[in-house]
1. With a length cut of 24 Å (Cα positions projected on each helix's long axis) and a Kyte-Doolittle mean of at least -0.5, go through chain A and give me the DSSP H helices that pass.
2. What do you get for GluC sites (Glu not before Pro) in the range A:6-80 restricted to DSSP loop and a cutoff of at most 12 other Cβ within 10 Å of the site's Cβ?
3. Express the relative contact order of chain A as a whole percentage, based on alpha carbon pairs under 8 Å and six or more residues apart in sequence.
4. Within 10 Å of each candidate Cβ there may be at most 12 other Cβ atoms; applying that plus a DSSP loop requirement, which GluC sites (Glu not before Pro) in the range A:392-465 survive?
5. What number comes out for the charge environment of A:Leu435, summing +1 per Lys or Arg and -1 per Asp or Glu over other residues with Cβ under 9 Å away?
6. Positive end of the dipole of the range A:7-258, charges at C-beta (+1 Lys, Arg; -1 Asp, Glu), about the Cα centre: which of A:Asn141, A:Thr104, A:Ile228 has its Cα farthest in that direction?
7. Quick one: helix B:5-14 against the long Cα principal axis of chain B, what's the angle to the nearest 10°, folded into 0 to 90?
8. Provide the per-residue ³J(HN,Hα) series for the range A:430-440, in order, calculated from phi with Karplus coefficients 6.51, -1.76, 1.60 and θ = phi - 60°, each as a whole number of Hz, with x at glycine and proline positions.
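Throughout, read-outs are computed from the coordinates displayed, never taken from laboratory work. The shown structure was predicted, so the numbers you read here are calculated from the model rather than taken from an experiment. Note: ideal-geometry Cβ built from the backbone for every residue, glycine included; neighbour counts use all protein chains shown.
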Amino acid sequence: MLDNLTILEASKLIDEKKVSALEITNSYLKKIEDSKKLNCFITVSHDKAVHAAKETDNRVSKNNRIGPMDGIPLAYKDLFCTKDTLTTASSKILSNFIPTYESTVTNNCINKGAITLGKLNCDEFAMGSTNKTSFYGPVVNPWKSLDSDEELVPGGSSGGSAASVAADLCIASIGTDTGGSIRQPASFTGAVGLKPTYGRVSRWGTIAFASSLDQAGPISKTVEDAAILLQTISGHDNKDSTSSQRPNEHYFSNLNSSVKNLKIGIPKEYMSDDLPLEIQNYWNEGKKILSENGAEIIEISLPHTKTALPAYYIIAPAEASSNLSRYDGVKYGLRTNEKNLIKMYESTRSDGFGDEVKRRIMIGTYVLSSGYYDAYYLKAQKIRSLIKKDFDNVFKDVNAILTPATPNTAFAIDKEEKDPVKNYLNDIFTVPINLAGLPAISIPFGLDKKGLPVGMQLITNSFEEQLLLNIAKNIQDSINFKNEPKCWWK
Amino acid sequence: MEFDKNSTIKLAKLARLSVNDNQLNSLEKDLKSILKFIDQLKEINTEDIDPTSNSLDQKLILRDDIAENTLSNEDLLKNVPESELGFFVVPKVIE
């Protein structure tokens, strides 16, 4: 009864007093205990979780349950600061950091009664799309190829957030998405991953990677759960000056799966001969489903699509190099012993950061340095305007856009990619959306011939998360995908 | 300017990273590859285009300038590698 629970199902069980929050929590803690091979968790908050579950049960006994999140065990990417619980960003440089405050996102969940199971592994400072850059080692995808026993990447950077949902180690999780870091791993693991509009969810207390792109969002088993979670974590926050003042919406109660008379755009720039045939086929199936359910499919053009990745690899490293300058061994985190201040900075940072983080800091330093700023950073910001304008134009004609979420399915952890640029291509379908600040969702569509999940991406205009969730629900209900990888890790 | 070993050394210095000779070669290769990738943008005409620094259509929201109690001195120093008398301690700067 306690396997593969969604938020809705667990909430019903708790409401009807069929199962206690403590029983559900203990069942998940046991699953986490048995899943060490997947390496999803950096920290398991056993005592905190048990304590919170007892509090829920106490409220339930007095018929005072807060709402659908009360008693729901969640886990968070280790990028969200959690009071008195180790928060590492999967980096050695923060491997001893215990925040004295709670991020707005986790605080919002806790205030609604959600239970914190622990902190999830991810790429170091969210930089990567394989989860291989983590100081704590790679997360292993619970899915395996039909014809091979090799371990696969879960995608990244929210690899632990996606894999833990796919392996049912938590009911749902929260990740962050700077260039695809929620949608790509969700796609690789058969989960639902939602990146909200920039400004919808507060960034306060979330360890910064690229501040103009970072956005937190849910990874869940269903679209309904994504709606409940978005409602839980979003809303204006005084502590984040880019947090939107628009009122929070009731995404779940307003969920309506009709797509009748909606116009769905298919961007021709996303089509390519390199796209694996099975991904093309699922994309076509998506068009077919939406059209059969009453939507109109329209070919559209986003002419600056190709410029998005290079622009992203200027903007994101530039902001990262600035954000990560705070890790200097003075106020918190790792510090190596040196008698000279500059040497202390240099050796602390060299010892504390991994290779990918160092590369991005150096690229960011380069594009921001005197004499190069206009040629790179300013240029990329202008390209960003062009990309945003592409979407603005298209949304005059269509309500939403349907694309594949990723250009591939999960690949082997052992596959060594020497050229960093090749790894960056994993995010080709997701990065433009971050540059334009739009909301997008990755939903599982089916399996490829190797038996690995394929995800599709829906995109809507800014702050149209309700419409996004509605269309996603329509697709979900039409395809009936079962996210149940064979359990080999116990 | 051609990106070379000296550029890598200079960048590492600016970024406060120490890089040994072994790392230098592979780092130079990686950075060259990334720079080649982002250099594609030079072909795009961006004359008369305004830059976008973030995608939000709203002004930066500022709080009222009122002092609040946030983190205590004790909380601020909880994660400090070295402190004394309530201050952060760094290696000696002035001889």
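1. A:305-323
2. Qualifying residues, ordered by number: A:Glu16.
3. Contact order relative to length: 18 percent.
4. A:Glu416
5. Residues close to A:Leu435 contribute a combined charge of +2.
6. It is A:Thr104.
7. 20 degrees
8. These are the phi-based 3J(HN,Hα) values: 9, 4, x, 5, 5, 4, 8, x, 7, x, 8 Hz.
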